[in-house]
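Trainee: Sharing a structure here in structure tokens format.
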Amino acid sequence: MISRRNFIKYTSGSTGLLLSGCYNKSFNSKSAHVVIIGGGYAGATAAKTIRMLDPMIKVTLIEPKTQYISCPGSNWVFAGLKAIDSLSFGYQNLSKHYGVKLIHDRVTDINPAKHLITLSNQQAIHYDRLIVSPGIDFKWDNIEGHDESSSHIIAHAWKAGTQTTLLNNQLKAMPDGGTVIICAPPNPFRCPPGPYERASMIAHYLKRHKPKSKILIIDPKSQFSKQALFIDGWERHYGYGTNNSMIKWLSVPDNPVIRVDVKNKIVETDFGDLFKADVLNYIPTQKAGYIAEITGLTNASGWCPIKHKTSESTLLSDIHVIGDAAIYSPLPKSAFAANSEAKMCAFAIVNLLNGTELIEPTWINTCYSLITENHGISINMVYKLDEQEKLIKVNGAGGVSKRLDKDSLALEAFYAKQWFDRISTDSFD
Ligand SMILES: Cc1cc2nc3c(=O)[nH]c(=O)nc-3n(C[C@H](O)[C@H](O)[C@H](O)COP(=O)(O)OP(=O)(O)OC[C@H]3O[C@@H](n4cnc5c(N)ncnc54)[C@H](O)[C@@H]3O)c2cc1C
């Protein structure tokens, strides 16, 4: 018979493992309380996984929204390949199938000395271990002329929901022959291939409905994720590199955007170059979610440093940070990585609460992007700790799409859609 200790040890070796089914009540550990702040891909997965590994541990998930709206898949809305409603997930199954206690409220404070969090209604809740997974927030004061209030006019659409709809409506209202400008953010940011998939999905829409229109990506970086694959796709479908290209990528590392004229949708770079948009999608510089920042979990970078073996904060003890908010580099800030980090964190917390040996964690990331409905590309990688417990890529594992014939790319597009269904089920059901 396999003991719980060995179950934890063996199953954790495979981060590809997708946990499913109801929890097993046969475990018998001391009662402990894990509180999780934020029910995104990271927090929801951690809540479910802890309960599956050890149902004696009480888990409370705190998330203001009753419906989570997924960023993965949200770029597909612009191409008409997905409806915004199909990106929504409720939390009922986490409570029904796994016994996770749900509180729909916002955490306003953490008191690490007393092991307490405070909700917006002033209620205080005690934790033994706390997981902080609030995703990202934006550095609104980074450029002139643009702040949080501007995002009601200039959509970032980097948190899915009303922002996605706003940008989509603007694209639909734009006349043929208009210019869409996407201002990509500097590293590190949520979803490194995201701006380039967005350009592809907008081009997919424009090519059919407004073929005289153009897309300009203004980028503070000199290279980007899956660049060769994106460029190959843009050449095949959107005339990239020709005089009639629908997409132009303008890399301005020495000459970044410093000012946005919100009213006139004009972007100005450091050298005084002006670019006028009909639809402007300015994606601001990013940092860890606000609650992490105000409670001392972030360092000067704006992100949360952690010990990767347990994802425990290096700044505050008994608090673990996972998902986009944490410094997990070289893992990218992706939903797949957040799901993988959550599983490893869950194993560590169960081990720590039971006084059992910590497992050797490994992580996986796979990220699909669509260039057209039938042209998908992907990148994947496996990660582990080296002897100094530094997070590294596993040599020889992973890579990017290699087979670029039409059938293989169509298969990748099919996998991309399957991946979305699988990761959302794995995290929220
Ligand atoms: C356009 C776009 C496309 C993307 N596509 C992909 C893709 O194809 N594949 C992929 O792997 N990744 C993709 N991503 C990245 C992915 O969305 C993120 O990496 C992922 O959502 C991170 O999960 P998270 O749980 O850390 O954060 P989130 O999903 O943002 O969840 C954080 C949660 O915390 C809650 N929260 C915040 N503060 C508090 C508080 N004080 N109290 C309580 N709750 C709080 C929020 O309400 C939120 O629900 C994409 C991102 C974008 C923007």
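Quick note: the coordinates plus some simple rules give every number you see, no bench work behind them. Worth saying up front: this structure is predicted, and the values here are computed from it rather than measured. Glycine gets a Cβ as well: all are built from the backbone with ideal geometry, and neighbour counts include every protein chain shown.
Trainee: Do any chymotrypsin sites (Phe, Trp or Tyr not before Pro) in region 107-157 lie in a DSSP loop with no more than 15 other beta carbon atoms within 10 Å, and if so, which?
Mentor: Loop-located and lightly packed - none at all.
Trainee: Compare 302, 233, 399 in a GNM of the chain, Cα atoms joined below 10 Å, and give the one with the largest fluctuation.
Mentor: Ranking 302, 233, 399 by mean-square fluctuation puts 399 first.
Trainee: What do you get for trypsin sites (Lys or Arg not before Pro) in region 362-429 restricted to DSSP loop and a cutoff of at most 16 other Cβ within 10 Å of the site's Cβ? Before the final figure, lay out the partial values.
Mentor: Working: sites: 384, 390, 393, 402, 403, 406, 417, 422; in loops: 390, 402, 403.
Passing sites in region 362-429 are 390, 402, 403.
Trainee: Here is a further query. Counting other beta carbons within 10 Å of each Cβ, put 162, 295, 356 in order, fewest first.
Mentor: Numbers: 162 14, 295 23, 356 17.
So the ranking, lowest neighbour count to highest, is 162, 356, 295.
Trainee: Another question about this same structure. How would 104, 156 line up from fewest to most surrounding beta-carbon atoms within 10 angstrom?
Mentor: Details: 104 13, 156 21.
Listing 104, 156 from fewest to most nearby Cβ atoms yields 104, 156.
Trainee: Let me ask you something else. Which trypsin sites (Lys or Arg not before Pro) in region 248-288 pass both tests, a DSSP loop state and at most 10 other beta-carbon atoms within 10 Å?
Mentor: Details: sites: 248, 259, 263, 265, 276, 287; in loops: 263, 265.
For trypsin sites (Lys or Arg not before Pro) across region 248-288 that sit outside H, G, I, E and B with at most 10 neighbouring Cβ atoms in 10 Å, the list reads 263.
Trainee: Based on Cα positions only, what radius of gyration and what Dmax would you give for region 367-429, in angstroms?
Mentor: 14.7, 44
Trainee: Averaged across orientations, what area in nm² does the convex hull of the alpha carbons in region 266-399 project?
Mentor: Details: hull surface 49.5 nm².
Computing the convex hull of the Cα atoms and averaging its projections yields 12.4 nm².
Trainee: Same structure again: Straight distance only, please: which aspartates and glutamates reach the Cα of residue 96 with their own Cα at less than 12 Å, same-chain residues fewer than 8 apart left out?
Mentor: 429
Trainee: At 0.36 nm per residue, minus the direct Cα-Cα distance, what do residue 373 and residue 208 gain on full extension? Give it in nm, one decimal, please.
Mentor: On the way: separation 165, 0.36 × 165 = 59.40 nm, distance 1.24 nm.
This chain segment gains 58.2 nm when fully extended.
Trainee: Considering every Cα-Cα pair within the chain, what fraction, in whole percent, is farther apart than 26 Å? Mind showing how you got there, number by number?
Mentor: Working: 50718 of 91806 pairs.
So the portion of pairs separated by more than 26 Å is 55 percent.
Trainee: Taking neighbour Cβ counts within 10 Å as the exposure measure, how do 401, 317, 200 sort from fewest upward?
Mentor: Working: 401 21, 317 10, 200 27.
Ordered by Cβ neighbours within 10 Å, fewest first: 317, 401, 200.
Trainee: Which of these, 96, 343, 214, has the largest mean-square fluctuation under a Gaussian network model of the chain (Cα springs below 10 Å)?
Mentor: Highest fluctuation among the options: 96.
Trainee: Excluding the sites themselves, what is the longest stretch of the chain that contains no GluC sites (Glu not before Pro) in a DSSP loop with at most 14 other C-beta atoms within 10 Å?
Mentor: Details: sites that count: 357, 387, 389.
With GluC sites (Glu not before Pro) excluded where exposed in loops, the chain gives 1-356 as its longest stretch.
Trainee: Using +1 on the beta carbon of Lys and Arg, -1 on that of Asp and Glu, and nothing else charged, what's the dipole of the chain about the Cα centre, debye to 20?
Mentor: 940 debye
Trainee: What number do you get for region 141-284 when its Cα radius of gyration is normalised by 2.2 N^0.38 Å, N = residues?
Mentor: Values: Rg = 14.2 Å, N = 144, 2.2 N^0.38 = 14.5 Å.
Against the empirical 2.2 N^0.38 Å value, I get 0.97 for region 141-284.
Trainee: Contact order normalised by length for the chain, with contacts defined as Cα pairs under 8 Å and 6 or more residues apart; what percent is it?
Mentor: Values: 922 pairs, mean separation 82.3, N = 429.
Value for the chain: 19 percent.
Trainee: Kindly work out what percent of the DSSP beta bridges joining two residues of the chain are antiparallel, to the nearest 5.
Mentor: Values: 38 of 71 bridges.
For the chain, the DSSP antiparallel bridge percentage is about 55.
Trainee: Summing -39500 (n - 2.57) over the DSSP H runs of n ≥ 4 in the chain and dividing by its residue number, what mean residue ellipticity at 222 nm do you reach, to the nearest 500 deg cm²/dmol?
Mentor: On the way: 10 runs with 122 residues, N = 429.
Dividing the helical sum by the residues of the chain leaves -9000 deg cm²/dmol.
Trainee: If the viscosity is 1.567 mPa s and the temperature 4 °C, what Stokes-Einstein diffusion coefficient in µm²/s follows for region 99-198 when Rh is the Kirkwood radius over Cα pairs?
Mentor: 75 µm²/s
Trainee: Could you work out how far apart the two model spin labels at residue 397 and residue 270 are, taking each label as a point 7 Å from the Cα in the direction of the beta carbon, and quote it in nm?
Mentor: Computed distance between label sites residue 397 and residue 270 equals 3.8 nm.
Trainee: Among bridges DSSP assigns within region 186-325, what percent are antiparallel (round to 5)? Mind showing how you got there, number by number?
Mentor: Numbers: 10 of 15 bridges.
Taking every DSSP beta bridge within region 186-325, about 65 percent pair in antiparallel fashion.
Trainee: Excluding same-chain residues fewer than 8 positions from residue 265, which lysines have a Cα within less than 16 Å of its Cα?
Mentor: Here the lysines satisfying the reach criterion relative to residue 265 are 214, 276.
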